[in-house]
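Student: Dumping the structure here so I can ask a few things about it.
The values are calculated or read from the model by the stated rules, or taken from the named source; none is laboratory data. Because the structure is predicted, anything quoted here is derived from the model rather than measured. Quick reminder, even Gly has a Cβ in these numbers, built from the backbone with ideal geometry, and neighbours come from all protein chains shown. Side chains included, ligands, DNA and RNA excluded: accessible areas come from the protein's heavy atoms. Shrake-Rupley method; radii C 1.70, N 1.55, O 1.52, S 1.80 Å.
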Amino acid sequence: MQNFIGDQARDVAVVGAGPAGLAAAVYLARFLRSVIIFDTGDGRAKLIPKTYNCPGFPDGISGEDLLVRLREQVKAYATDIVQDKVERLERTEEAFTLTTAGGVMRASYVVLATGVIDKAPTIVGLREAIAARTVRLCPVCDAYEAAGHRIAVAGPERLALKEALFLRHYSPFVCILSNRPADISQTTRLVAGAAGIEIWDIVDDLVPRGSGLDVVMADGSPSRQIDVLYASMGCDVRSELAAGAGAHCDEDGYILVGPHSETSVQGLYAIGDVAKALNQIAVGFGHAALAATHIHNALSARRDRATLRAEAG
Ligand SMILES: Cc1cc2nc3c(=O)[nH]c(=O)nc-3n(C[C@H](O)[C@H](O)[C@H](O)COP(=O)(O)OP(=O)(O)OC[C@H]3O[C@@H](n4cnc5c(N)ncnc54)[C@H](O)[C@@H]3O)c2cc1C
C-alpha cells in the first residue's frame with residue numbers, strides 16, 4: 001500500500017474514479033494543476049451493460065469500456081489514480097486532510113465523486129440479470145430499449161408509482177409488484193388504474209428465466225412472465241465524507257451544491273451522482289467541467305492575492 005505521509009500536498013484531491021471524477025481530473029490536469037485520485041473500484045458505471053444515451057457513442061458503449069477510455073485519458077497527463085478508500089476528510093485552516101489506509105494526504109481543494117449504491121431486490125443471480133438487462137435500475141437510461149416490452153416495477157409505493165407512470169409512456173404493459181395488498185394505498189391503486197398500470201399483489205419471488213423473469217405468486221396461482229423488471233427502491237448515497245466535513249445534504253443524503261458544484265463547505269465540491277441532480281453520466285461530465293474550472297480560477301486568484309501581498313511588503 002502506498003504511503004502518503006509526508007507526500008507533497010496537491011492542488012486537488014478527487015475521491016472517486018467513476019465518469020464524474022475521471023472527467024474532473026482530465027480538466028484539472030489540463031489546467032496544469034496537481035491532482036491525485038482515490039478510488040475503491042466499485043462504482044455504478046461498472047454495472048452498465050451498454051449505454052446508448054452517452055453522447056458521442058452512436059453504437060453504445062459498456063460502462064467498463066467507458067471507464068477504460070476515461071482512465072487512459074487521465075493517465076496521459078501522468079495523474080495518479082490510487083486504489084484506496086478515503087476514510088476521513090477534514091477541513092483545516094489552509095487545506096483539506098484526507099485519511100486512507102495508505103496514509104494521510106493534504107490538498108487545497110477536494111472533489112467528491114463517490115456516487116451512489118442502488119438498492120435492489122434479493123434475486124438469485126441479480127448481477128447476471130443486470131448484465132442481461134432483465135433487471136434494470138434506471139429508466140431515464142434505458143426505457144427506450146424496453147419500449148413495448150412487458151415491464152414490472154418493484155419498490156416502495158411512492159417510488160414505484162412514479163417510475164411506473166414514467167415507463168407507461170414506453171409500453172402498454174406496465175405493472176407494479178407488491179408483497180402484500182396492504183402495502184399499496186387506495187390512492188395509488190386509483191392513479192395506477194387510471195393510467196392503465198396493473199398491480200400484482202402477493203408476489204412471492206422473482207426468478208430470471210431466459211430473456212425475462214418469472215413472477216412467482218404467493219397464492220399458488222401460475223407464475224406470470226415479464227420481460228424487464230425495474231427496481232425502484234432508492235439508493236444509498238455515498239456522502240459520508242461530505243457530511244463528516246460539515247457539508248449540507250438533503251433528507252436522502254444527496255450533497256447540496258451551488259451552480260459550480262461547490263458544497264456549503266468552501267473548497268469542497270461534489271459532482272456526479274452523489275450531488276443532488278439527475279443521476280446520469282452526461283450530468284457528471286457537466287458537473288466535472290464546472291467544478292474543475294471554478295477550482296482552477298480560485299487557485300489562480302489565490303496566487304494573485306499572494307503576489308500582491310508579497311509586493312506590498
Ligand atoms: C445498470 C445501470 C445502467 C446505467 N445506464 C446508464 C446509461 O445508460 N446512461 C447514463 O447516463 N447513466 C447510466 N447509469 C448511471 C451511471 O452509472 C451513473 O450516473 C454514473 O456512473 C455516475 O458516475 P459517478 O462518477 O458519479 O459515480 P460512480 O460511477 O458510481 O463512481 C463512483 C466511484 O467512487 C468510488 N468511491 C466511492 N467512495 C469512495 C471512497 N470513500 N474512497 C475512494 N473511492 C470511493 C467508487 O469506487 C466508484 O469508483 C446506469 C447505472 C446503472 C446501475
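Student: With all protein chains present, how much of the accessible area of the chain (probe radius 1.4 Å) comes from carbon and sulfur, to the nearest whole percent?
Tutor: Values: 8130 of 15430 Å².
Answer for the chain: carbon and sulfur cover 53 percent of the accessible area.
Student: In addition: For a quick check: with amide H placed at 1.01 Å from N, whose amide H comes under 5 Å from Val82's, ignoring anything fewer than 5 positions away on the same chain?
Tutor: Amide H neighbours of Val82, under 5 Å, 5+ apart: Ile37, Phe38, Asp39.
Student: Still on this model: Rounded to the nearest whole Å², what accessible area per residue is found for segment 1-134 with the 1.4 Å probe?
Tutor: On the way: 6660 Å² over 134 residues.
Ligands and nucleic acids excluded, the figure is 50 Å² per residue.
Student: OK, next. Provide the descending list of Cα extents for the chain along its principal axes, expressed in whole angstroms.
Tutor: Principal axes ranked by extent give 84, 37, 34 Å for the Cα atoms.
Student: Another question about this same structure. Of Phe57, Val140, Ser108, whose Cα points farthest to the positive end of the dipole of segment 43-194 (charges on the beta-carbon: +1 Lys, Arg; -1 Asp, Glu; origin at the Cα centre)?
Tutor: The residue sitting most towards the positive pole is Val140.
Student: Could you state the number of Å between the C-alpha centres of segment 66-130 and segment 204-276?
Tutor: 18
Student: Can you give the extra length, in nm with one decimal, that the chain gains between Glu198 and Ala132 once fully stretched, where that is 0.36 nm per residue apart less the Cα-Cα distance? Mind dumping the intermediate values first?
Tutor: Working: separation 66, 0.36 × 66 = 23.76 nm, distance 2.48 nm.
Extending this stretch completely gives an extra 21.3 nm.
Student: To continue, here is another question. By DSSP, what percent of the beta bridges with both residues in the chain are antiparallel, rounded to the nearest 5? Before the final figure, lay out the partial values.
Tutor: Working: 25 of 55 bridges.
Here the share of antiparallel DSSP bridges comes out near 45 percent.
Student: Still on this model: FRET efficiency for Ala9 and Glu72, Cβ-Cβ distance as r, R0 = 22 Å, nearest 0.05? Write out the running numbers ahead of the final one.
Tutor: Values: r = 27 Å, r/R0 = 1.21.
Once the sixth-power term is evaluated, E becomes 0.25.
Student: Here's a follow-up. Hey, can you grab everything whose amide H is under 5 Å from the amide H of Val135? Only 5+ residues off in sequence or another chain; H modelled, so Pro and N-termini drop out.
Tutor: Result for Val135 returns Ile130, Leu229.
Student: So how tilted is helix 19-30 from the main axis of the chain? Cα-based, degrees 0 to 90, rounded to 10.
Tutor: Helix 19-30 sits at roughly 20 degrees to that axis.
Student: Still on this model: Just need the relative contact order of the chain here, percent rounded to a whole number, with Cα pairs under 8 Å and 6+ apart. Can you show the working numbers first?
Tutor: Values: 642 pairs, mean separation 61.5, N = 313.
Here the relative contact order equals 20 percent.
Student: Which Cys in the chain stand alone, with every other cysteine's Cβ at 4.7 Å or more from theirs?
Tutor: If one checks each Cβ against the other cysteines of the chain, Cys54, Cys175, Cys235, Cys249 turn up with nothing under 4.7 Å.
Student: Continuing with the same structure: Apply the Karplus parameterisation 6.51 cos²θ - 1.76 cosθ + 1.60, with θ equal to phi minus 60°, to every residue of segment 281-293 and state each ³J(HN,Hα) to the nearest whole Hz, in sequence, with x for glycine and proline.
Tutor: Once rounded to whole Hz, the list reads 4, 4, 5, x, 4, x, 4, 4, 5, 5, 5, 4, 5.
Student: Still on this structure, I have one more. Among DSSP beta bridges whose residues both lie in segment 120-231, state the antiparallel percentage, nearest 5.
Tutor: Working: 9 of 22 bridges.
So the antiparallel bridges amount to about 40 percent of the total.
Student: Work out, in µm²/s and without decimals, the Stokes-Einstein translational diffusion coefficient of segment 120-231 at 37 °C, 0.692 mPa s, Rh from Kirkwood over C-alpha pairs. Before the final figure, lay out the partial values.
Tutor: Working: Rh = 13.8 Å.
D = 237 µm²/s.
Student: So who's got an amide H within less than 5 Å of the one on Val111, skipping anything under 5 residues away but keeping other chains? H placed 1.01 Å off N, in plane.
Tutor: Ala13, Val14, Val15, Tyr269
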